[in-house]
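Written out below as structure tokens is the structure these notes cover.
Every number in this text was worked out from the coordinates using simple rules, so none of it is lab data. Given the structure is predicted, the values throughout are model-derived calculations rather than measurements. Positions of Cβ are backbone-derived with ideal geometry, glycine not excepted, and every protein chain shown enters the neighbour counts.
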Amino acid sequence: MDDGVIQEVLKNIGEVLQLSPQQTSDAFGDYWVNTYAAKHYKSYYYGINSAKAMIMKIDSIHEQVTKIIPNARPPRFDVEEIDEHTLKARYKSHRKMIDFYIGLVKGVGKFFKTPVQVKKLSEEYVEIRFG
């Protein structure tokens, strides 16, 4: 499905439910991580025991996805560990959907029962704090 269509559907859902764009992105991230992916992509969760570990592994998961799904173009990530509680992630995608990444990161925190604060630094970078 075209990214523009997905963005338009989510925008309309937000308007109907009277949610801000970030609230809509957060709801999507929560659903994707805690319901959809947890059910349909269980193997990607095996061996991961923390929110930080999952976030650091997302790029390799997306790399695997490009090998098994024809024409898949998921975003890619460079993740740098600033200290034991902080990551800086670079979102690399033509999609310009960093707000959805932020929602997904929050969903990962919920899945692992870890408080996560995400600060958008730019349209490419976010800071992620755990605890």
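Projecting label points 7 angstrom from Cα along Cα→Cβ for D83 and Y41 puts them 3.1 nm apart. Pairs of alpha carbons in the chain separated by more than 17 Å make up 60% of all such pairs. Listed by Cβ neighbour count within 10 Å, with the fewest neighbours leading, H62, H94, H85 appear as H94, H85, H62. Need one word for region 67-131: rounded, prolate or oblate. Basis is the Cα gyration tensor (sqrt eigenvalues a ≥ b ≥ c); a/c below 1.5 gives rounded, then a/b vs b/c decides. Verdict is prolate for region 67-131. Of all the options K110, K42, K88, the one that moves most in a Gaussian network model of the chain with Cα springs shorter than 10 angstrom is K42. Among the listed pairs K11/K52; K42/K92; K67/K119; K42/K110, those with a Cα-Cα distance over 27 Å are K11/K52; K67/K119.
Per-residue 3J(HN,Hα) values for region 37-43, derived from phi via the Karplus relation 6.51 cos²θ - 1.76 cosθ + 1.60 with θ = phi - 60°, read 5, 4, 8, 8, 10, 3, 4 Hz in sequence order (x marks Gly and Pro).
In a fully extended conformation the segment linking Q64 and K11 would gain 16.1 nm over its present Cα-Cα distance, using 0.36 nm per residue.
With a length cut of 18 Å (Cα positions projected on each helix's long axis) and a Kyte-Doolittle mean of at least 0.5, go through the chain and give me the DSSP H helices that pass.
Correct list, ordered by number: 98-111.
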